Amino acid sequence: MVRYHITIIVAALLLLGLAGSASAWQWHGFVDGRSGMRLHEDNGAGEQRRSILNELRAQVDLSHNADWGVWQIRSDVILDEAAGQRNADLESGHGVIDLREANVLFLPHDLVDVKLGRQILTWGTGDLLFINDMFPKDWQSFFIGRDEEYLKAPSDAVFISLFPDFASIDVVYNPRFDADRYISGERISYWNPLLNRHAGRDDELRVDRRSRWFRDDEISLRIYRDVAGYELAFYGYDGFWKSPVGYDPVSARQTFPALRVLGASIRGNAGSGLFNLEAGYYDSRCDRDGDDPLIPNSEYRLLVGYEQELMRNLSAALQYYLEYMDDYSYYQRTLPVGSVEKDRARHVLTLRLSRQAFNQNLLLSLFTYWSPSDHDGYLRPSLKYKASDALSIYVGANLFFGQRSDTFFGQFEDNNNLYVGIRYSL
Amino acid sequence: MKILLKMTIMLCIIGLGAFSAIAQELSADEVIERANQASYYAGQDGQADVKMTITSKGGITREREFSLLRLSETGGNQKFYTYFKAPADVYKMAYLVWKNIGDNDDRWLWLPALNLKKRIAPGDKRTSFVGSDFVYEDVSGRSPQADIHRLVEQTQSYYLIENTPKDPSSVEFSRYTVRIDALTFLPLIAEYYDRSGQLYRRVEALQVKEIQGFPTVMVARASDLVSGSVTRNEFTNVRYNIGLKAKIFTERFLRRPPREVTR
């Protein structure tokens, strides 16, 4: 049970803190019931179930503020009839418990904050597009209709923030690799290039999970400051591709190849709106020449966004996103015969329209991804109605379309789904 | 006899003081500027806990509770930190505003479930604040330069000023009048008229109390006369000049809310 060490240590510390000053603890939470159905049968990849989500989730959020720091524990208890795997696994979020946070934030020095334990980490400027945010994402939750916050999966990490005068510096160390909760076929069928067909819940992925402590570790860095109202940031990451995009023919397993990322971003007001620009270089360290067909090439990534309020309670946000492969000629030359050749550049445009009505109790949102190079896209319409301070109702859909079955969004076309949810917060 | 004399002198001084305040020939612009100072710039910094109750025409109520920190900087620029405690679905969210005079405000929302500091695009300041009958401008102040001010009436106890927007297309009102207390310069009643000249909105100070020498609105009410919705704000734990530092109004203290708001 080595994998739970950090969690257990933090839980023990939490209990000590609890015993010390039980009265100052605050708790909140919610109960959330959600159900999602495929719009049509998915027979392409074995027999995928029609119901894609059928869960009852309760979250408890405990926190304690003291002068010297903050304790935080936040966990979900889930009963999900549609889950494919029931064995408890805090890493993949499978099972009855999804521990979202269990950490302590303390202040060893006036200019230093440290947060230790399980935590949700986010940075970067994109809206549902990520370049320098290499923290784990839960794509499955994102595609089946869970609340948007579940796109972020927890990390077991040490987060150190330094605040010298010239900038703020964040360093995150994950002693053991935190992969994305990637699409594995469990609920969402996907295009598997190794099988050369769609894979579903019966196609077990053989994945080398990279679970060695302090050897399969990750480090992330951000240096940021405000320059005349513009937020400027530089990023670095040393770790691994977050999904198993590599393949090791010897062990016949999919792998997380080594990856370094360097990037920068700027964000600020422009005219009557808000703009952001972010770029990064993905240095695929095990395939620097780009001639290994089993490991992704290095690539450049770029993101430009602009958001503006069109009228009161209606806003629009537009983003352009680019992935541009390095050493493309080597990629072409070494690509195995019969494989589908990827384009050098993948272009994606996104548009978010958000509307608030009835005293901001009704929130309508439409987020659209569209790739003119892959000829595919993804629509996320959603509605949230706050019936009272405690009760919210959700309706939404995840709609994929594409000309080909092997492109990023096109591969999910058989997983179009509609969901409804209700949440009681207390 | 001596006591009587003293009392007479004191009464004269008080009377003179009150008289001099009234007798000052203040222009409409000066009154509005003083009202702006009294409402939004009391002390170098300040804090308050706010309980907001929104009551719809049908009697359904929604409640918000938040703590507010405010710091005045040079040139009228200010920083605001709003930390939400209720309702439960916004618990621990924080809203950070850097108010820039003559430019768009910089605004961020802290989303605790994502540990994310989300920048918010500049918005219409006449938008409802957290779904209440108050608008953003009621919270952070409307620029005195945005309107043309005319003194309509002046009495011993108040000034009545009529305000006409310089850019009518940017706001939902055609004009508004505001009654300003002649002693404290706090706006007591503001009434907004739509383009057809109909009164449709009222904002009132229901209770004023002096705290550390600063006259302070302790209960305020905004009424939407068309929808029938009413929002009441009650302020408690108001304190001024508590020595807030500018660094409180940064990402560091969104991640780790300062004790001034978590108490």
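The values are calculated or read from the model by the stated rules, or taken from the named source; none is laboratory data. For clarity, every value in this text was computed on a predicted model and none was experimentally measured. Methodologically, a virtual Cβ is constructed for each residue, glycine included, from the backbone with ideal geometry; neighbour enumeration extends over all protein chains shown.
A few comments on the model shown:
- B:THR61 being in contact (Cβ under 8 Å) with a residue 12 or more places away in the chain and more than 8 Å from every other protein chain (Cβ to nearest Cβ): no
- Hits in segment A:230-274 (condition: touching an Asp or Glu at 6+ places or on another chain (Cβ under 6 Å) and either within 14 Å of another protein chain (Cβ to nearest Cβ) or in a strand (DSSP E or B) (or both)): A:GLY239, A:ARG253, A:THR255, A:ARG260, A:SER265, A:ARG267, A:GLY273, A:LEU274
- Yes/no for A:SER211 being under 20 Å from the mean Cα position of the chain (by Cα) and not charged (D, E, K, R): yes
- Unmet criterion (only one of (1) facing chain B (nearest Cβ under 10 Å); (2) modelled with pLDDT under 90) for A:ALA83: (1)
- Of the numbered criteria (1) surrounded by 18 or more Cβ atoms within 10 Å (Cβ to Cβ); (2) under 28 Å from A:ASP170 (Cα atoms); (3) without any contact (Cβ under 8 Å) to a residue 60 or more places away in the chain, the one A:THR255 fails is (2).
- Members of segment B:152-161 found to be under 14 Å from B:ALA190 (Cα atoms) and surrounded by 16 or more Cβ atoms within 10 Å (Cβ to Cβ), listed by number: B:TYR158, B:TYR159, B:LEU160, B:ILE161
- Output for segment B:65-94, where each listed residue is part of a strand (DSSP E or B), closer than 17 Å to B:THR262 by Cβ and within 13 Å of chain A (Cβ to nearest Cβ): B:GLU65, B:SER67, B:TYR83, B:PHE84, B:LYS85, B:ALA86
- When segment B:101-110 is filtered for residues that are crowded, with 18+ Cβ neighbours inside 10 Å and either without any contact (Cβ under 8 Å) to a residue 60 or more places away in the chain or at the interface with chain A (Cβ under 9 Å from one of its Cβ atoms) (or both), the ones remaining, listed by number, are B:ASN104, B:ASP105, B:ASP106, B:ARG107.
- Across segment A:395-426, the qualifying residues are those that are within 14 Å of chain B (Cβ to nearest Cβ) and surrounded by fewer than 20 Cβ atoms within 10 Å (Cβ to Cβ), and the one among them that is modelled with the lowest pLDDT is A:LEU426.
- Residues in segment A:282-339 that are more than 23 Å from the chain's Cα centre (by Cα) and over 30 Å from A:VAL207 (Cα atoms): A:GLN308, A:GLU309, A:LEU310, A:MET311, A:ARG312, A:ASN313, A:LEU314, A:SER315.
- The set of residues in segment B:170-188 being free of Cβ contacts under 8 Å to residues at least 60 places away in the same chain and either more than 19 Å from B:ALA146 (Cα to Cα) or touching a Cys at 6+ places or on another chain (Cβ under 7 Å) (or both) consists of B:ASP181, B:LEU188.
- Residues located in segment A:123-138, provided they are aromatic (Phe, Trp, Tyr) and under 20 Å from A:ALA317 (Cα atoms): A:TRP123, A:PHE130
- Contacts under 7 angstrom Cβ, first residue in segment B:214-225 being at positive phi and surrounded by fewer than 17 Cβ atoms within 10 Å (Cβ to Cβ), partner outside any strand (DSSP E or B) and of a type in the set (Val, Ile, Thr), 6 or more apart: none
- Checking the stated criteria, B:TYR240 turns out to be surrounded by 15 or more Cβ atoms within 10 Å (Cβ to Cβ) and in contact (Cβ under 8 Å) with a residue 60 or more places away in the chain.
- Positions within segment A:38-82 being outside any strand (DSSP E or B) and polar (S, T, N, Q), in sequence order: A:ASN43, A:GLN48
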